[in-house]
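The values are calculated or read from the model by the stated rules, or taken from the named source; none is laboratory data. Note that the coordinates shown come from a computational prediction; the quantities given were computed from them, not determined experimentally. Here the Cβ positions follow ideal geometry from the backbone for every residue, glycine too, while neighbour counts run over all protein chains shown. Accessible surface is based on the protein model in full, side chains and every heavy atom, while ligands, DNA and RNA are left aside. Shrake-Rupley method; radii C 1.70, N 1.55, O 1.52, S 1.80 Å.
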Amino acid sequence: MGDRGGGHGHAVVIGAGLAGLTAARALAGFMDRVTVIERDWLARGPGRRRGVPQARHTHGLTTTAHQGLEKLFPGIGHDLVRAGAVRVRVPEDMLLLGPAGWLPRFDAGLSLLSAGRDLIDWTVRDRLRADPKVTFLPRQEVVALEPGPQDTVTGVWVRGRDRTAPDGHTPRRLIAAEFVVDASGRASRAPEWLAELGYAPAPESLAAAGTTYATSLYAPPVGHVADFKSLLLMSTPDDPRQGMLHPVEGGRWSVTIGTGDGTPPPTDHTELLRAAAGLRHPLLHELVEAATPLGPVYSCRTVSRRRHYERLRRFPDQFLVLGDGLAALDPAHGHGMTLAVEYALVLDHLLTAHGTAVGIGHRLRRALAHRLDPAWRAGAPAPAAPTGLRARLGRRYASRIAAAATTDPSAAALLLHTHETLAPTAARPRALRLALAPWRAAAPTTPPSLTHGPEARRRRPAAPAAPAIGVSTGAGRPRPTGSSAHWPAPAPAGDRPRP
Ligand SMILES: Cc1cc2nc3c(=O)[nH]c(=O)nc-3n(C[C@H](O)[C@H](O)[C@H](O)COP(=O)(O)OP(=O)(O)OC[C@H]3O[C@@H](n4cnc5c(N)ncnc54)[C@H](O)[C@@H]3O)c2cc1C
């Protein structure tokens, strides 16, 4: 994606999270220049930021997010891996306990780029910095929009921090712009800014139950050997708890437990271990118990909220809200970074087709809402979920696919693609056949691993564990995977990256 020329003035992007960075890249193809305004200090490295508190929790880039990022920043996958991100083939490199049992391990053409969120943002930010059209304005907070004639926005008001000033801030100043994108995340103040300009509030959808998450980083046990890289214990309709362990840069594990029903999350390592012991399978508990904590347990509560800006009759043109400010999905149900990348591609596509002509705002709001719809529907938890015959049949269909997925790789692939794209399980002939077929084998009760789980113990040689050469497919046919992970001994505490 290169410079499309044209030159359409100056664009401002509010927020340097993933939604802001990718939107800035899309805008840079059309505008003369783009300024990314960020409240935080932006370190030249994967530094922690106050403005992105969720960065302490496990983050992964799905195949869709990665492919979209490659369109915006060719070669970014390579950059991420070089910076320390770990590529996890799904489910080949992953032990995955699906809603109805363990999934077989096979090549589904999917992968997860697993890394600390700070590393992901920094790698993308670095690529954007190389674009001569893009300027970063860190430590500046946007506080208001500047209205223009006939429902337009002509800039933003910003202020910096000043400890010597009575209110702790520098005086406000105006930054003029022909196009403004609000990508300031869950804390977006667009509703207040628009209200100040006399616009009606956007209708909101709020998913009733919040989910709580607790996350910590660990050093794997010294000499740890496993034939998998990641572990995911998914929730079921009856048990909303879930647990995951993903490898991140520096040979560490990022471990997250989600309660799914809003109950208070674990806040220390003892509580986290207790919560891990209560999950659907003891493997996560076993792994975490043997590992060394590298920092505190961070917890957070999330709710799914969507603002329907597309439904407003009156809205400023040349102004757009995207990212978590448009819709923040519970990460158990939605991949916010995937959506952020897709929004940027929508922006790029529509700017290619229509430029920044009058009326573009309306088209963009509708197109973003259209992209978001299936993800939102898939993520709406129980109280908001539709009832009725059609919905009941849909759930029955999904549960049959989940059951078939434990023994049939095609059904597993379908389940995983659905989870990745957040679209309802499509009723294609192949899928219908899978859902209606009486399945032959019972779901395996042990993880498909030669190195872990009760099955593995029986097979494990008495000698010190060597890297395994294959995994069971769950159908009783072992085959090589080449996915063994021999975890290095953790570096001495002083050399470890700060969690
Ligand atoms: C627990 C948890 C786990 C998650 N895991 C995943 C995952 O595995 N995969 C995935 O795809 N997604 C995940 N997400 C979602 C993901 O974090 C977000 O969707 C993603 O960060 C995109 O957000 P954003 O860019 O819109 O906002 P953010 O990343 O929150 O960035 C917003 C930025 O705007 C800045 N800002 C705010 N207000 C202003 C202002 N007034 N002026 C200037 N700057 C401002 C902030 O400082 C911040 O830098 C997870 C979320 C949570 C809560």
Starting from region 281-331, pick out the trypsin sites (Lys or Arg not before Pro) whose DSSP state is loop and whose Cβ has at most 11 other Cβ atoms within 10 Å. 313, 314
Sorted by chain and number, the residues with a modelled amide H under 5 Å from that of residue 177, at a separation of 5 or more or across chains, are 155, 156
Given a 1.4 Å probe and every protein chain left where it sits, what share in percent of the accessible area of region 203-272 is carbon and sulfur? 56 percent
Sort the following peptides by mean Cβ neighbour count (other Cβ atoms within 10 Å, averaged over residues), highest first: 370-376, 327-333. 327-333, 370-376
I'd like to compare 317-325, 135-143: which one has the highest average count of other Cβ atoms within 10 Å, and what's the full order after that? 317-325, 135-143
For region 189-228, dividing by residue count, accessible area per residue (probe 1.4 Å) in Å² works out to 36 Å²
Could you tell me the extents of region 69-188's C-alpha atoms along the three principal axes, largest first, rounded to whole Å? 60, 39, 36
May I have the extent of the alpha carbons of region 228-272 along their three principal axes, as whole Å values ordered from largest to smallest? 34, 24, 13
Among 174, 164, 203, flag the residue with its Cα farthest along the positive direction of the charge dipole of region 152-232, charges on Cβ as +1 for Lys/Arg and -1 for Asp/Glu. 164
Apply the Debye scattering formula to region 129-225, with a single equal point scatterer on each alpha-carbon and no solvent, then give log10 I(q)/I(0) at q = 0.17, 0.18, 0.21 Å⁻¹. -0.97, -1.02, -1.18
At R0 = 25 Å, how high is the FRET efficiency between residue 43 and residue 367 if r is their beta carbon distance? Nearest 0.05 is fine. 0.15
Size of electric dipole in region 194-265: Cβ of Lys, Arg +1 and of Asp, Glu -1, about Cα centre, debye, nearest 20: 280 debye
Near residue 139, within a Cβ-to-Cβ distance under 14 Å, what is the net charge of the other residues, with Lys and Arg +1 and Asp and Glu -1? +3
Vicinal HN-Hα couplings computed from phi for region 243-260 (Karplus, 6.51 cos²θ - 1.76 cosθ + 1.60; Hz; Gly/Pro x): x, 8, 9, 10, x, 10, 3, x, x, 9, 10, 10, 10, 10, 10, x, 7, x
